[in-house]
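See below for the structure under consideration.
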Amino acid sequence: MALQRIVIRGAGELRGEIPISGAKNAALPLIAAGLLTDQTLTLDNLPELADIGSMLGLIEQHGAGIVRGPRHVEITTARIDNTTAPYDIVRKMRASVLVLGPLVARMGEAKVSLPGGCAIGTRPVDLHLKGLEAMGAKIELVDGYVHATAPKGLKGATIRFPFVSVGATENLLMAASLADGETILDNAAREPEIIDLANCLLAMGAEIEGVGTERMVIRGKKWLRGARYSILPDRIETGTYAMAVGVAGGAVELVGARPETLEGVIEVLNRTGVEVTPTPRGMFVKRNGSRVVGVDVMTQPYPGFPTDLQAQLMVLMATAEGAAMITETIFENRFMHVPELARMGANVTVHGASALVRGVKRLKGAPVMATDLRASISLVLAGLAAEGETVVNRIYHLDRGYERVAEKLSAVGAKIERLAD
Ligand SMILES: CC(=O)N[C@H]1[C@@H](OP(=O)(O)OP(=O)(O)OC[C@H]2O[C@@H](n3ccc(=O)[nH]c3=O)[C@H](O)[C@@H]2O)O[C@H](CO)[C@@H](O)[C@@H]1O
Ligand SMILES: C=C(OP(=O)(O)O)C(=O)O
């Protein structure tokens, strides 16, 4: 594939509407859930993203039949004929580890490549593995692969997470749905994507109490049926475009957005001076005239401010009146965007897990690149606010998580285009 880049010529206001796609981080576990049943799981509102293609490719090589249509997929896993998730797929996308729970639960064994570190931190999977061990699986690490076996099937267990993990909650929720007996997940993640997965599992016949709370009780079933489920709108994409309006100014309706999944984010936006109002179709975001003001924000598990919007918020704060302290508590290395933003004139000093952002009047365009998804989109947002031309290189990161980003932004007036070499 030719190397592609995005060119942005700032700085004009955004006006109009942007449709919000289905949530990547809900879609990925839901696709893995397709391995739990021999019947068809149909997913609607499927976003068109590179990560979705990778996840479908992964479950296909386990034996799933995939029929893909526009914004929708039918997954039928009548049989699983391969329980190995190979390094070549897992290294591209960490969410691949979500096949582990479903495979062990249904087949009594799985071999999944260890995902390894990535740009934003070391990201171990020890909580996933300890949970499966508590459910009776034997875990061995062989040649970089996790080999999990439970020849007599998984057994219900009480699992208390020492800290909140979205992925471990999802993996064990799926595993518990097909285990023998009752599983209690304590200190479980409460992200809307977890609720989406639980609701789909309920539609498949699972028995889960406490959905949306930190304590879920799952009574395992011998078999789950097929279902049809519509993926929730992407709250991170929504928050990203809301911040784009904050950065560039203007007024945009985010159509399909679910403001109730973004309360912590809306509260922060309102404090900065960006106005957010729910509408019958989604939410309306507006910033007219004056500069936003700096606010201090700490990332937290849901319902706190999401780490996946930290880089975008930093761009908003980079042009704010006054200073902002942004503290990242989820990942230990999620400030990769800072040096690139500095090249565009942002004034940011990192001290450990905190970044002190002193607002400047204007950013300046520059060639930039990023090493992860949210850092990449933050550079696009910075380009919207910058004087002159910004070229964002290595945009394959963007394609992992943002559907048609250049089209969506140019439809509201941004001067943005995608170029191939
Ligand atoms: C595909 C998907 O949904 N990705 C999201 C998911 O990632 P993911 O599920 O990987 O994130 P987790 O919630 O598991 O990670 C939270 C923290 O726990 C640590 N940890 C996690 C598991 C474990 O076994 N051991 C351990 O130490 C991680 O390194 C991290 O520091 O939630 C993150 C936190 O909201 C988001 O940023 C990601 O976008
Ligand atoms: C970090 C992210 O995704 P993943 O967990 O798939 O790396 C993200 O969506 O911002």
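Summary of values
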| quantity | calculated |
| --- | --- |
| In region 373-395, residue nearest to the chain's Cα centre (by Cα) [restricted to those that are more than 19 Å from ILE120 (Cβ to Cβ) and of a type in the set (A, V, I, L, M, F, W, C)] | LEU384 |
| Test: residue in region 362-380 that is charged (D, E, K, R), closer than 18 Å to ALA244 by Cα and touching a Phe, Trp or Tyr at 6+ places or on another chain (Cβ under 9 Å) | no |
| When residues of region 366-381 are limited to those that are touching a strand residue (DSSP E or B) at 6+ places or on another chain (Cβ under 7 Å) and modelled with pLDDT of 95 or more, the one surrounded by the fewest Cβ atoms within 10 Å (Cβ to Cβ) | PRO367 |
| Condition check for ALA26: out of contact with any Ser or Thr (no Cβ under 7 Å at 6 or more places or on another chain), within 13 Å of ligand 2 (Cβ to nearest atom) and not assigned by the TED database to the domain that holds VAL99 | yes |
| Helices (runs of 4 or more DSSP H) wholly inside region 344-421 that include at least 1 residues being within 16 Å of ligand 1 (Cβ to nearest atom) and touching a residue at least 60 places away in the same chain (Cβ under 8 Å) | 373-385, 396-401 |
| Strands (runs of 3 or more DSSP E) completely within region 120-175 that count 2 or more residues being out of contact with any His (no Cβ under 8 Å at 6 or more places or on another chain), under 16 Å from PRO102 (Cα atoms) and of a type in the set (Ser, Thr, Tyr) | none |
| Within region 1-90, strands (runs of 3 or more DSSP E) holding 2 or more residues that are more than 16 Å from ligand 1 (Cβ to nearest atom) and small (Gly, Ala, Ser) | 65-69 |
| Residue within region 178-194 that is assigned by the TED database to the domain that holds ARG94, more than 18 Å from the chain's Cα centre (by Cα), under 15 Å from ALA33 (Cβ atoms) and crowded, with 23+ Cβ neighbours inside 10 Å present | yes |
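Let's see how each residue does on (1) away from ligand 1 (no atom under 16 Å from the Cβ); (2) of a type in the set (D, E, K, R); (3) closer than 26 Å to VAL125 by Cα:
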site: SER165; (1), (2), (3): no, no, yes
site: GLY181; (1), (2), (3): yes, no, yes
site: ARG190; (1), (2), (3): no, yes, yes
site: LEU197; (1), (2), (3): no, no, yes
site: ARG215; (1), (2), (3): yes, yes, yes
site: LYS221; (1), (2), (3): yes, yes, yes
site: VAL247; (1), (2), (3): yes, no, no
site: LEU254; (1), (2), (3): yes, no, no
site: ARG271; (1), (2), (3): yes, yes, no
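The values are calculated or read from the model by the stated rules, or taken from the named source; none is laboratory data. What you are looking at is a predicted structure, and each value in this text was computed from that prediction instead of being measured. Cβ: placed from backbone, ideal geometry, glycine included. Neighbour counts: every protein chain shown.
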